[in-house]
Amino acid sequence: MKLSRGGERERGDILLIVAVIILAVLGVVFIYSASNYSASATYGDAFYFVKKQAIGIAIGIAVMIFMCFFDYRKLAKFTIPVSIASFVLLVLVFIPGIGVENYGAKRWVGVGSVTLQPSEISKFALILFAASYFSAHPDRSKTFLGILPVLLFGLATCLLIILEPNMSITVCVATLMMTMLFAAGMRIKHAVLMLIPAIGAGVLLILMEPYRLSRLTAFLNPWSNPKGEGYQLLQSLYALGSGGWFGVGLFNSRQKYAFLPFAESDFILSVIGEEIGFIGLLMFFALIGFIVYRGMRAASRAKDLFGFLLALGITMIFGIQAVINALVVTGSIPPTGLPLPLVSSGNTAIIIFMAEMGVIFNISKNGALTF
Amino acid sequence: MTVLRKRLFAITIAVAFLFLFVFGRLFYVQVIWGEDLQEKAIDQWTREIPVIAARGKITDVNGVVLAGNADTYTVFVRKRAVEDMDKLCAALSETLDMEYDYVYKRLNSTVSSEVTVKKQVTKDKINKLLEYNFSGVYYSRDNSRIYPYNEFLTSVLGFTSTDGKGQSGLELYYDKYLSGIDGEILYETDIVGVEIDGGKATYIPATDGLNLKLTIDYEIQSLCEAAMDEAMEVHKAKSAQMLVIDPNTGAIRAMCCKPSYNLNDIPRDDISLLHALSRNGLVCDIYEPGSTFKVLTAAANIQEYLNGNKAAFSPQHIFSSSRYRYVDGQKVKCWSTHEKGKHAALNLAGALNNSCNPIFVDIAMSLGKETMYKYIEAFNYGSVTGIDFSGEAQGMVLPVSAVQNVDLARIAFGQTIAVTGLQLAAATAAAINGGIYYTPHLVSEIYDGNGIIAEEIQPQSKGRVISEEASTILSSMLESVVRDGSGKQAYIEGYRVAGKTGTAQKYENGIIAAGKYVSSFVGYFPANDPQYLALVVIDEPEGQYYGSTVAAPFAKSVFEGIIDLKNIPLPE
């Protein structure tokens, strides 16, 4: 091994942490821009969402720093407790008094004003479980029976999340599961074998809840129902389209004046695109891409299979969510409620993602190409 | 290990591909599609307050304003922007004389985010409201049509709806010129219409409507209005109509239909009454003209005689003195008894003087229906004159193929045919002005607020109907009608008034209605160079009913008024 690399290993990937903090801070700026009007109208405080996010980031940075220095290998020991906690929380969502319902979906658990989105934790639980399992039994990825525990873990998680209902996170978790299996060395024929029931399940899900079908068709022609199913997407497209090449300027979004729902969370990318334009978004995604790149780099240099799978899983869930979010706001896929990681308003998500980035830093610090 | 590296590489490629797809999609939405999307977005970002274009004025030929505008405003409220609803409702109800409960209900129970509170509010009330400095209350200029002379030229001018759209008369016909193009003030607002702090307001000015200068002469119109008011009163008539036209251009100098109403107090609540009163009967209604139509029969005979047609009668020809003519076995008789030498030994001039029906039957029978119809059509009976007015009637003329001899015999003295007053006036003008038919018109000029003329209406000729010589001969005969014959009551010493009376019995359900007549007179002066031609039509006068005694005197009084007003010297 070259010495220069060794030095880098010891320092850890500080650029990743810097990029994560820059992205989170940019997120707060855009949360302010997107929400100040509606927040002062709804809560009488233009900084309502900014304050909430700032608290999340503060906790997130603290947890991230802790994870930076917490040996990732010890995380394997937490696999069972974290997995149990994940499922318990997912079930708690459905228990009256603890589960919190918003916009017709039970996606939160809460005590008083503190609420938590269990599905955010479940994604990490799946990554941790798969990484622990395959690093403990590397050969099991080659057989269908061997991958079955991860498969069941993932499907059970998906089932509980789809019942909330939250189709977009379900899709994310399913994609994440497949990626983990694929990265761990699953045979291609097993992957193909699994795709068939997956497609069948997709069709079944749509048949179960007719609103999914109308959402599916809404994105193809949002003008067919501009005040109903197509409304949100139209407003998102208006925002992005108004941005053009260079945007209307920071804080100058017109769409945030209550035209665009969830402007500070799921559709924050529309406001960003309106304000900084295509060129700005290109740079914004370069930053996201950079984080993905550093995550993959950490995975590729990880010392063991556990670190490899852990870093890859975290990077993938970050990347998958960012891409799906961008596809939603541009009307490329049916609209689903999915936050932009590290940017959208939402405390559970920001804390978990920052903590996970700390894990990647730790992996990069201890990384070596030993496998 | 190589498998894991391959897998990592594959995942990296997949992620890179997804990122590229996102970039491509963003480029498409933001750059290629962007302009189109922004255009649609701008639509929802602004709320607009209309700036109503000032409606064009209508003036008489000398610039006297007959229709103008008062400075009024529409008050409306954007509910979401109101801070103190109770205070606002109280102030609005007090200032605008409206019930508090009504205002409160309007502002709170309507679904629309923008509520029109009241239209046509005067400037001083607006100033009072402005003092409160309410948020969410907006004012925009609207139009209150003002007619300075109240009940004047009513059926010609017509009226507008409360929001300033032309509904009848010239207000309707020239609406696209008068109305102009409304502007607007665009405010940047949020989704429910609350103005954004620091938002821009864009002002798109209104383009005011164009003004109309009529051919109507205010003074002559005044004479007619007074004359027809008197006719209604004296003769207890169902209606009284009069028009004055310049026979050399077709320019209408006065047009008056009674009964009418005050244009500043339109009976909008009673739609059928409003429609009846605002109807311009001279243009839109038809009647059986009776003897005034003999002008056409006489003109046809004179022209055919001059053309050498053997079927036509010489002006010297003495017609049969009998009261009766038999056509296809049917007896047609004169209105006069022909007793004690009345209507004896008459030539054409004498026939006009005495309005002797059988002589005109002789002419029509001799000329035949093809020749008679040639003149009926040349004088434009049976088709619209083309006046610049909506709803013109075309009259009722039997198709030439269906006309029996007995019909033609009656058409010769103005029965079995129906015309509009305007058709009769325009045709008579053509017969005596030297033989040229001019399309009658009401507007002489369309001009903008700076006095720049957008369109000048020139006299429009439909061509020659009879020769100048025939016209001169006819005119001298009609002059003798007024000097020596049935038109004596229109005679003015020295001014060479000419004309023809008409008395027609009215038909109801196909039979003669006893005691119901239309009394009319068409006259002009001076006979050798006609300048003013007037038609008077009195419908269902009580008591006297002859055109000579009922209608002719009003033509005389208007002519005298014109002579006086225009200081017309005695002709040489």
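The values are calculated or read from the model by the stated rules, or taken from the named source; none is laboratory data. The structure displayed is predicted, hence computed values, not measured ones. Reconstructed Cβ throughout: ideal geometry from the backbone, glycine too, with neighbour counts over all protein chains shown.
Filtered by the rule that a residue be in a loop (DSSP other than H, G, I, E, B) and buried (at least 24 other Cβ atoms within 10 Å of the Cβ), segment B:248-264 gives B:Gly250, B:Leu263.
Here B:Ile216 clears all of (1) crowded, with 24+ Cβ neighbours inside 10 Å; (2) over 30 Å from B:Asn347 (Cβ atoms); (3) modelled with pLDDT under 95 except the condition numbered (3).
Every test in (1) within 24 Å of A:Ser236 (Cα to Cα); (2) touching a residue at least 12 places away in the same chain (Cβ under 8 Å); (3) within 10 Å of chain B (Cβ to nearest Cβ) is passed by A:Leu287 save one, and that test is (3).
Looking at B:Ile466, B:Ile492, can you tell me which residue is part of a loop (DSSP other than H, G, I, E, B) and buried (at least 24 other Cβ atoms within 10 Å of the Cβ)? Please lay out each step first, then the result.
On the way: B:Ile492 fails: buried (at least 24 other Cβ atoms within 10 Å of the Cβ).
On inspection, the qualifying residue turns out to be B:Ile466.
Could we say that B:Ile457 is assigned by TED's automatic domain parsing to the domain that holds B:Ala504, under 30 Å from B:Gly63 (Cβ atoms) and under 24 Å from the mean Cα position of the chain (by Cα) here? Please lay out each step first, then the result.
Values: assigned by TED's automatic domain parsing to the domain that holds B:Ala504: yes; under 30 Å from B:Gly63 (Cβ atoms): yes; under 24 Å from the mean Cα position of the chain (by Cα): yes.
Taking the combined requirement at face value, the residue satisfies it.
Within segment B:395-417, being free of Cβ contacts under 8 Å to residues at least 24 places away in the same chain and either within 24 Å of the chain's Cα centre (by Cα) or assigned by TED's automatic domain parsing to the domain that holds B:Leu172 (or both) holds for one residue alone: B:Val397.
With respect to A:Met194, determine if the residue is over 20 Å from A:Ser83 (Cα atoms) and in a helix (DSSP H, G or I). Outline the logic, then answer.
On the way: over 20 Å from A:Ser83 (Cα atoms): yes; in a helix (DSSP H, G or I): yes.
Judged against the criteria, A:Met194 is a match.
If you go through segment B:40-57 one residue at a time, do you hit one that is in the same structural domain as B:Leu178 (by TED's automatic domain parsing) and either closer than 30 Å to A:Leu287 by Cα or in contact with a helix residue (DSSP H, G or I) (Cβ under 6 Å, 6 or more places away or on another chain) (or both)? Yes, because at least one residue in segment B:40-57 is in the same structural domain as B:Leu178 (by TED's automatic domain parsing) and either closer than 30 Å to A:Leu287 by Cα or in contact with a helix residue (DSSP H, G or I) (Cβ under 6 Å, 6 or more places away or on another chain) (or both). Does B:Ala53 count as part of a strand (DSSP E or B), buried (at least 16 other Cβ atoms within 10 Å of the Cβ) and either without any contact (Cβ under 8 Å) to a residue 40 or more places away in the chain or small (Gly, Ala, Ser) (or both)? So B:Ala53 fails the test. So is A:Ala299 crowded, with 24+ Cβ neighbours inside 10 Å, at the interface with chain B (Cβ under 9 Å from one of its Cβ atoms) and small (Gly, Ala, Ser) or not? So A:Ala299 fits the description; yes. With respect to (1) more than 21 Å from B:Ser390 (Cβ to Cβ); (2) buried (at least 20 other Cβ atoms within 10 Å of the Cβ), the lone exception for B:Ser179 is condition (1).
Is there a residue in segment B:527-536 that is assigned to a strand (DSSP E or B) and over 30 Å from B:Glu560 (Cβ atoms)?
Restricting attention to segment B:527-536, the residues satisfying the condition of being assigned to a strand (DSSP E or B) are B:532-536.
Now restrict to residues that are over 30 Å from B:Glu560 (Cβ atoms): none.
No - not one qualifying residue is present in segment B:527-536.
For segment A:178-221, enumerate the residues that are aromatic (Phe, Trp, Tyr) and modelled with pLDDT under 85. Working first, answer last.
Taking segment A:178-221 as the starting set, the residues that turn out to be aromatic (Phe, Trp, Tyr) are A:182, A:211, A:219.
Within segment A:178-221, A:Tyr211, A:Phe219 meet the criteria.
For B:Val234, the criteria (1) assigned by TED's automatic domain parsing to the domain that holds B:Ser557; (2) farther than 23 Å from B:Thr385 by Cα; (3) among the β-branched types (Val, Ile, Thr); (4) in a loop (DSSP other than H, G, I, E, B) hold in every case but one, which is (4). A single member of B:Gln30, B:Gln38, B:Gln44 is in contact (Cβ under 8 Å) with a residue 12 or more places away in the chain, at the interface with chain A (Cβ under 7 Å from one of its Cβ atoms) and part of a helix (DSSP H, G or I), and it is B:Gln44.
Every condition in (1) touching a residue at least 60 places away in the same chain (Cβ under 8 Å); (2) at negative phi holds for B:Gly250 except the one numbered (2).
Mind checking whether some residue in segment B:476-489 is more than 22 Å from B:Ile302 (Cβ to Cβ) and surrounded by fewer than 24 Cβ atoms within 10 Å (Cβ to Cβ)? Scanning segment B:476-489, I find at least one residue that is more than 22 Å from B:Ile302 (Cβ to Cβ) and surrounded by fewer than 24 Cβ atoms within 10 Å (Cβ to Cβ), so the answer is yes. Screening the candidates B:Gly463, B:Gly434, B:Gly414 for the property of being on the phi > 0 side of the Ramachandran plot and in contact with a Pro (Cβ under 6 Å, 6 or more places away or on another chain) yields one hit, B:Gly414.
Report whether or not A:Ala263 is assigned to a loop (DSSP other than H, G, I, E, B), crowded, with 21+ Cβ neighbours inside 10 Å and either without any contact (Cβ under 8 Å) to a residue 40 or more places away in the chain or within 12 Å of chain B (Cβ to nearest Cβ) (or both). It is true that A:Ala263 is assigned to a loop (DSSP other than H, G, I, E, B), crowded, with 21+ Cβ neighbours inside 10 Å and either without any contact (Cβ under 8 Å) to a residue 40 or more places away in the chain or within 12 Å of chain B (Cβ to nearest Cβ) (or both).
A single entry from B:Val82, B:Val64 fulfils the requirement of being modelled with pLDDT under 90 and either more than 14 Å from chain A (Cβ to nearest Cβ) or surrounded by 17 or more Cβ atoms within 10 Å (Cβ to Cβ) (or both): B:Val82.
Yes/no per residue for (1) within 14 Å of another protein chain (Cβ to nearest Cβ); (2) touching a strand residue (DSSP E or B) at 6+ places or on another chain (Cβ under 6 Å); (3) of a type outside the set (A, V, I, L, M):
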site: A:Ile98; (1), (2), (3): no, yes, no
site: A:Glu101; (1), (2), (3): no, no, yes
site: A:Glu120; (1), (2), (3): no, no, yes
site: A:Ala125; (1), (2), (3): no, no, no
site: A:Phe134; (1), (2), (3): yes, no, yes
site: A:Leu145; (1), (2), (3): no, no, no
site: A:Cys158; (1), (2), (3): no, no, yes
site: A:Cys172; (1), (2), (3): yes, no, yes
site: A:Thr175; (1), (2), (3): yes, no, yes
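Of everything listed in (1) modelled with pLDDT of 95 or more; (2) among the hydrophobic types (A, V, I, L, M, F, W, C); (3) buried (at least 23 other Cβ atoms within 10 Å of the Cβ), the single unmet condition for B:Ile473 is (3). Only a single criterion out of (1) modelled with pLDDT of 90 or more; (2) outside any strand (DSSP E or B) is not satisfied by B:Gly523, namely (2).
For segment A:308-356, how many residues meet the condition of being in a helix (DSSP H, G or I), more than 14 Å from every other protein chain (Cβ to nearest Cβ) and at pLDDT 90 or above? Write out each step before concluding.
Going residue by residue through segment A:308-356, those that are in a helix (DSSP H, G or I) are A:308-329, A:347-356.
Then keep just the ones that are more than 14 Å from every other protein chain (Cβ to nearest Cβ); that gives A:347-356.
If we keep only those that are at pLDDT 90 or above too, we end up with A:350-356.
Residues that pass the stated criteria total 7.
Might you check whether a residue that is within 14 Å of another protein chain (Cβ to nearest Cβ), closer than 23 Å to B:Ile13 by Cα, of a type outside the set (Ser, Thr, Tyr) and crowded, with 21+ Cβ neighbours inside 10 Å occurs anywhere in segment A:269-282? It would help to see each step written out before you state the result.
First pass over segment A:269-282, keeping only residues within 14 Å of another protein chain (Cβ to nearest Cβ): A:269-282.
Subset that is closer than 23 Å to B:Ile13 by Cα: A:281-282.
Filter once more, keeping what is of a type outside the set (Ser, Thr, Tyr): A:281-282.
Those left that are additionally crowded, with 21+ Cβ neighbours inside 10 Å: A:281.
So far as segment A:269-282 goes, yes, one or more of its residues are within 14 Å of another protein chain (Cβ to nearest Cβ), closer than 23 Å to B:Ile13 by Cα, of a type outside the set (Ser, Thr, Tyr) and crowded, with 21+ Cβ neighbours inside 10 Å.
Just to be sure, is A:Glu101 free of Cβ contacts under 8 Å to residues at least 60 places away in the same chain and charged (D, E, K, R)? Quick ask: steps written out before the conclusion?
On the way: free of Cβ contacts under 8 Å to residues at least 60 places away in the same chain: yes; charged (D, E, K, R): yes.
Against the criterion (free of Cβ contacts under 8 Å to residues at least 60 places away in the same chain and charged (D, E, K, R)), A:Glu101 qualifies.
Of all strands (runs of 3 or more DSSP E) completely enclosed by segment B:59-155, which ones contain at least 2 residues that are more than 27 Å from the chain's Cα centre (by Cα) and β-branched (Val, Ile, Thr)? Because the criterion is at least 2 residues that are more than 27 Å from the chain's Cα centre (by Cα) and β-branched (Val, Ile, Thr), the strands (runs of 3 or more DSSP E) in segment B:59-155 that meet it are B:65-78, B:114-122. For segment B:416-463, a residue qualifies if it is of a type in the set (Val, Ile, Thr), closer than 30 Å to B:Ala54 by Cα and in a loop (DSSP other than H, G, I, E, B), and the qualifying residues are B:Ile452, B:Ile457.
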